[in-house]
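Engineer: Following this message is one structure expressed as structure tokens.
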Amino acid sequence: KIFIKSTSLGQQLDDELNIYNRIGGASHRHPGHKYVRSLLDSFDVEGPEGKHRCLVHPPLWESVLAFLSRNPIRRLPTPVLVVVLHRLFLALDYLHTECRIIDTGTS
């Protein structure tokens, strides 16, 4: 993930890095930990338009949307939906209970 002109993002970029630091410092024993994307590294690159912050993450698997687009009936089979929702709820529980991170929907 690359933030173009990261200096113009100011607090938003700092907030995201703080969240990743909080996740990195939380307990890894919670079963939802493995379903939350981690930050491997971050670094700055100087370009003609200024400084760009790069965030390095492990590669992701196929998205649910991509899976749906390959499925002729355009919906998730029930067993797949159960697994996706279970992992989503575990990840949210981990972020809330272990990392103390919530999304209030405000900027």
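Engineer: What number of residues in the stretch 27-75 are closer than 23 Å to L85 by Cβ and touching a Ser or Thr at 6+ places or on another chain (Cβ under 9 Å)?
Structural biologist: Count: 5.
Engineer: Hey, could you check the stretch 62-78 for residues that are open to solvent by less than 90 Å² (accessible area, probe 1.4 Å) and of a type in the set (A, V, I, L, M) and say which is nearest to the chain's Cα centre (by Cα)?
Structural biologist: Within the stretch 62-78, the subset open to solvent by less than 90 Å² (accessible area, probe 1.4 Å) is 63-64, 66-69, 71, 76-77.
Checking which are of a type in the set (A, V, I, L, M) leaves us with 64, 66, 68, 76.
Working: V64: 15, A66: 17, L68: 20, L76: 22 Å.
For the stretch 62-78, the residue satisfying everything is V64.
Engineer: Identify all residues within the stretch 79-107 that are modelled with pLDDT of 90 or more and open to solvent by 100 Å² or more (accessible area, probe 1.4 Å); write none if there are none.
Structural biologist: H86, R87, F89, R100
Engineer: Here is a follow-up. Quick check: anything in the stretch 51-60 out of contact with any strand residue (DSSP E or B) (no Cβ under 7 Å at 6 or more places or on another chain) and β-branched (V, I, T)?
Structural biologist: Of the residues in the stretch 51-60, the ones out of contact with any strand residue (DSSP E or B) (no Cβ under 7 Å at 6 or more places or on another chain) are 57-60.
Subset that is β-branched (V, I, T): none.
Checked the stretch 51-60: no residue is out of contact with any strand residue (DSSP E or B) (no Cβ under 7 Å at 6 or more places or on another chain) and β-branched (V, I, T).
Engineer: Restricted to the stretch 1-29, and to residues that are surrounded by 13 or more Cβ atoms within 10 Å (Cβ to Cβ) and not in a helix (DSSP H, G or I), which residue is modelled with the highest pLDDT?
Structural biologist: Looking at the filtered set, the residue picked out is A26.
Engineer: Considering only residues that are open to solvent by 70 Å² or more (accessible area, probe 1.4 Å), assigned to a loop (DSSP other than H, G, I, E, B) and at pLDDT 85 or above, which ones fall in the stretch 30-61?
Structural biologist: Listed by number, the residues that qualify are P31, R37, L40, P59.
Engineer: Among S42, S69, which is the only one that is hydroxyl-bearing (S, T, Y) and either in contact with a Leu (Cβ under 7 Å, 6 or more places away or on another chain) or closer than 22 Å to A26 by Cβ (or both)?
Structural biologist: Values: S69 fails: either in contact with a Leu (Cβ under 7 Å, 6 or more places away or on another chain) or closer than 22 Å to A26 by Cβ (or both).
Testing whether each residue is hydroxyl-bearing (S, T, Y) and either in contact with a Leu (Cβ under 7 Å, 6 or more places away or on another chain) or closer than 22 Å to A26 by Cβ (or both) leaves just S42.
Engineer: Cβ-Cβ distance below 8 Å, separation of 6 or more or different chains: which pairs start in the stretch 56-84 with a residue that is on the phi > 0 side of the Ramachandran plot and end on one that is part of a helix (DSSP H, G or I) and of a type in the set (A, V, I, L, M)?
Structural biologist: So the pair list comes out as R74/L68.
The values are calculated or read from the model by the stated rules, or taken from the named source; none is laboratory data. Computed from a predicted structure; not experimentally measured. For neighbour counting, all protein chains shown are included, and Cβ atoms are generated from backbone atoms with ideal geometry for every residue, glycine included. Ligands, DNA and RNA are stripped out before the accessible areas are found, and what is left, the full protein with its side chains, is counted by its heavy atoms. Shrake-Rupley method; radii C 1.70, N 1.55, O 1.52, S 1.80 Å.
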